[in-house]
């Protein structure tokens with residue numbers, strides 16, 4: 001009587017070479033003995049029948065993860081690596097941009113300082129206010145002088161000549 | 001360095017003489033202003049004479065060698081020409097320029113007057 005227990009079925013399924021000759025087939029295929037027809041193929045067909053669980057594995061618990069899951073895990077690990085690289089690149093780019101920014105700020109500050117050193121700061125409104133307060137020659141006053149009067153003409157000429165001479169002397 | 005006060009005083013005198021309607025103001029500007037050794041004073045005086053827009057004042061800057069448009073300083077000459085071109089009523093200036101081109105004894109003055117006249121016709 002055929003043994004239908006699970007270990008026996010498993011033995012027949014996974015050790016095909018041992019049970020091939022006793023398996024009855026209704027096939028005319030001359031390659032039937034070397035084909036897998038009539039047998040259930042699983043993913044573990046080409047794997048060693050030795051128990052791998054007992055072998056030491058550096059992956060530890062990951063060793064028990066199915067192949068499909070391993071693919072996912074490797075994808076995840078690859079993604080993590082990529083992410084890490086990108087983070088690293090971004091970090092370096094960030095550091096470089098900070099350096100550039102600092103250099104630019106430094107240049108701007110030193111440029112501004114040089115500009116300030118070479119710029120003469122003048123408070124024009126103070127000078128204008130001072131001029132308005134100090135008595136001076138007003139054009140409205142000159143415009144009203146009666147130059148037909150010889151005395152006034154002479155005094156105006158002396159005033160004009162004196163101021164021009166003053167400018168000439170200070171320029172020399 | 002020139003004192004700011006002096007510069008302002010000279011500027012005010014020149015501007016005051018420009019505004020003064022008395023014909024002797026032109027005489028003052030010509031005698032003192034256009035004969036100054038300072039370019040800035042000559043420039044201000046020439047511009048003031050042009051802005052008066054009178055026959056006698058325009059004659060000073062157009063027909064006299066070494067003054068106005070015939071000044072040795074380029075900046076003075078160019079400022080005077082610029083002031084002539086900016087005049088609203090150019091009739092008197094064009095008339096004096098034509099007379100100068102036809103009748104002046106100095107060739108350089110005639111050439112300058114001809115050039116300025118051509119510029120005024122274009123403006």
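Among the residues of the range A:155-170, just one is loosely packed, with under 14 Cβ neighbours inside 10 Å and within 7 Å of chain B (Cβ to nearest Cβ), namely A:170. With a requirement of 1 or more residues that are away from every other protein chain (no Cβ under 13 Å), at pLDDT 70 or above and under 32 Å from the mean Cα position of the chain (by Cα), the helices (runs of 4 or more DSSP H) lying completely within the range A:62-154 that satisfy it span A:67-118. Taking the range B:10-27 as the range and being facing chain A (nearest Cβ under 7 Å), within 14 Å of residue A:137 (Cα to Cα) and surrounded by fewer than 23 Cβ atoms within 10 Å (Cβ to Cβ) as the test, the residues that pass are B:12, B:15, B:16.
Kindly establish whether residue B:41 is within 24 Å of residue A:172 (Cα to Cα), part of a helix (DSSP H, G or I), within 12 Å of chain A (Cβ to nearest Cβ) and more than 10 Å from the chain's Cα centre (by Cα). Criteria met by residue B:41. Among helices (runs of 4 or more DSSP H) entirely within the range B:54-123, having at least 2 residues that are in contact (Cβ under 8 Å) with a residue 40 or more places away in the chain singles out B:55-63, B:91-103, B:107-122. Being touching a helix residue (DSSP H, G or I) at 6+ places or on another chain (Cβ under 6 Å) and within 14 Å of chain A (Cβ to nearest Cβ) is a description that applies to residue B:30.
The values are calculated or read from the model by the stated rules, or taken from the named source; none is laboratory data. Keep in mind that this is a model prediction, so the values were computed, not measured. Neighbour counts are summed over all protein chains in view; Cβ atoms, including those assigned to glycine, are modelled from backbone coordinates with ideal geometry.
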